[in-house]
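The values are calculated or read from the model by the stated rules, or taken from the named source; none is laboratory data. Here the structure is a predicted model, which means the values were calculated and not measured. Note that each Cβ is placed from the backbone with ideal geometry, even for glycine, and that neighbours are counted across all protein chains shown.
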2 protein chains.
Amino acid sequence: MSVGHIAVTTEPVVSCGGEHEDCGIREVLDRIGDKWSVLVVVELAQGMHRFRQLQRAVPGISQRMLTLTVRRLERDGLVSRTVHPTVPPQVEYELTETGHSLTHLVKALADWSAEHRDGIAASRRAWDTANPDSDIH
Amino acid sequence: MSVGHIAVTTEPVVSCGGEHEDCGIREVLDRIGDKWSVLVVVELAQGMHRFRQLQRAVPGISQRMLTLTVRRLERDGLVSRTVHPTVPPQVEYELTETGHSLTHLVKALADWSAEHRDGIAASRRAWDTANPDSDIH
DNA sequence: CTGAATCCCCTCAGATACTG
DNA sequence: CAGTATCTGAGGGGATTCAG
């Protein structure tokens, strides 16, 4: 991956057309950057889920936040919501095709995370020891 | 990209070892998920920046948030901070090798965003027309 | 120039209770 | 089961001020 001595890391030009405009990154980050969306997508990547099933699969999420999260994902066209007018009610959530394509991105995130989490943790410990008084968390 | 009729999208197994544990995704998301980090990284991807230079390059960011952002990035070992004890003071911020590797991830984010932003925007408009009364933003 | 410190607003997550 | 409605506290983040 990295050559070694010098950081010759081939660095992609990420700023859209050379300008520092907002691209559309923020639009994505506002969605996948929040606390729950990614976890929900990861769960839905394993197949269809009902509401409670989804809530149990994502430990710690509240009813309210699950509702808001799936609503926003549905609004963005990443998740489909199918209501079966039975009694008791039954609602099925599934990833759309776009939603599935997002899992590749999440995969990349997880990979990068797995590769660097130790280094990051070490760097944090070092920084914290070097800066005993600081509430930068 | 997509085949067509059916969503046969080859879907990566993103959940670490098959379990729904948190992996380390959250650790990354807590960093790149926040409002400014990505924008700062994108700017620094273009080379070394001084503090004010960086602030001017990231429109809208306050002194306070820039300070906090670069501190956290430094703590995580993504950004190096070099102080030149001159007068007036001069501080240089640069991406570390790890920081550079992150730009690839951001690139992937930008690419996915560019590819789907129109579809997402359309989906949002459709959802908003179908749900006139809703403050899900 | 590069910050640190303080104030303060305002969002938003969590808990709780209620409905169909 | 699958939500909605309401309240409240913590915290993110902007503006401003002070310091080296």
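So if I check each of B:Ala114, B:Ala122, which one is under 30 Å from A:Val79 (Cβ atoms), part of a helix (DSSP H, G or I) and either under 18 Å from the mean Cα position of the chain (by Cα) or within 16 Å of DNA strand D (Cβ to nearest atom) (or both)? Spell out the reasoning first.
Values: B:Ala122 fails: either under 18 Å from the mean Cα position of the chain (by Cα) or within 16 Å of DNA strand D (Cβ to nearest atom) (or both).
B:Ala114 is the lone residue from the list that is under 30 Å from A:Val79 (Cβ atoms), part of a helix (DSSP H, G or I) and either under 18 Å from the mean Cα position of the chain (by Cα) or within 16 Å of DNA strand D (Cβ to nearest atom) (or both).
Do you know which of the residues in region B:24-50 that are more than 8 Å from chain A (Cβ to nearest Cβ) and within 10 Å of DNA strand D (Cβ to nearest atom) is surrounded by the most Cβ atoms within 10 Å (Cβ to Cβ)?
Among those that are more than 8 Å from chain A (Cβ to nearest Cβ) and within 10 Å of DNA strand D (Cβ to nearest atom), it is B:Ser37.
Only residues in region B:78-91 that are within 13 Å of B:Met48 (Cα to Cα) and in contact (Cβ under 8 Å) with a residue 40 or more places away in the chain count as the first member; pair them with residues that are surrounded by fewer than 12 Cβ atoms within 10 Å (Cβ to Cβ) and among the β-branched types (Val, Ile, Thr), Cβ under 6 angstrom, at least 6 apart or cross-chain, and list the lot.
Filtered contacts from region B:78-91: B:Val91/B:Val83.
If you scan region B:51-67, which residues turn out to be among the hydrophobic types (A, V, I, L, M, F, W, C), more than 8 Å from every other protein chain (Cβ to nearest Cβ) and in contact with a Leu (Cβ under 8 Å, 6 or more places away or on another chain)? Steps first, answer last, please.
Keep residues of region B:51-67 that are among the hydrophobic types (A, V, I, L, M, F, W, C), which gives B:51, B:54, B:57-58, B:61, B:65-66.
Remaining after also requiring more than 8 Å from every other protein chain (Cβ to nearest Cβ): B:51, B:54, B:61, B:65-66.
Once the filter is applied, which keeps residues that are among the hydrophobic types (A, V, I, L, M, F, W, C), more than 8 Å from every other protein chain (Cβ to nearest Cβ) and in contact with a Leu (Cβ under 8 Å, 6 or more places away or on another chain), region B:51-67 yields B:Phe51, B:Leu54, B:Ile61, B:Leu66.
Residues of region A:81-101 being touching a helix residue (DSSP H, G or I) at 6+ places or on another chain (Cβ under 7 Å) and farther than 18 Å from A:Val38 by Cβ, which ones?
A:Arg81, A:Val91
Does A:Gln90 satisfy being more than 12 Å from DNA strand C (Cβ to nearest atom) and surrounded by fewer than 14 Cβ atoms within 10 Å (Cβ to Cβ)? Talk me through it step by step, then tell me what you get.
Working: more than 12 Å from DNA strand C (Cβ to nearest atom): no; surrounded by fewer than 14 Cβ atoms within 10 Å (Cβ to Cβ): yes.
Answer is no for this residue.
Please indicate, with yes or no, whether at least one residue in region B:59-80 is at pLDDT below 95 and out of contact with any Gly (no Cβ under 7 Å at 6 or more places or on another chain).
Within region B:59-80 (the criterion being at pLDDT below 95 and out of contact with any Gly (no Cβ under 7 Å at 6 or more places or on another chain)), the answer is yes, since at least one residue qualifies.
Take region B:68-96 and flag every residue that is farther than 20 Å from B:Glu27 by Cα and at the interface with another protein chain (Cβ under 10 Å from one of its Cβ atoms). Don't jump to the end; show me each part of the working.
Filtering region B:68-96 for residues farther than 20 Å from B:Glu27 by Cα gives B:81-94.
Across region B:68-96, the qualifying residue is only B:Glu94.
I'd like the full set of residues that are within 10 Å of DNA strand D (Cβ to nearest atom), part of a helix (DSSP H, G or I) and either closer than 12 Å to B:Ser37 by Cβ or under 16 Å from the mean Cα position of the chain (by Cα) (or both), limited to region B:51-71.
Hits for region B:51-71 are B:Met65, B:Leu66, B:Leu68, B:Thr69.
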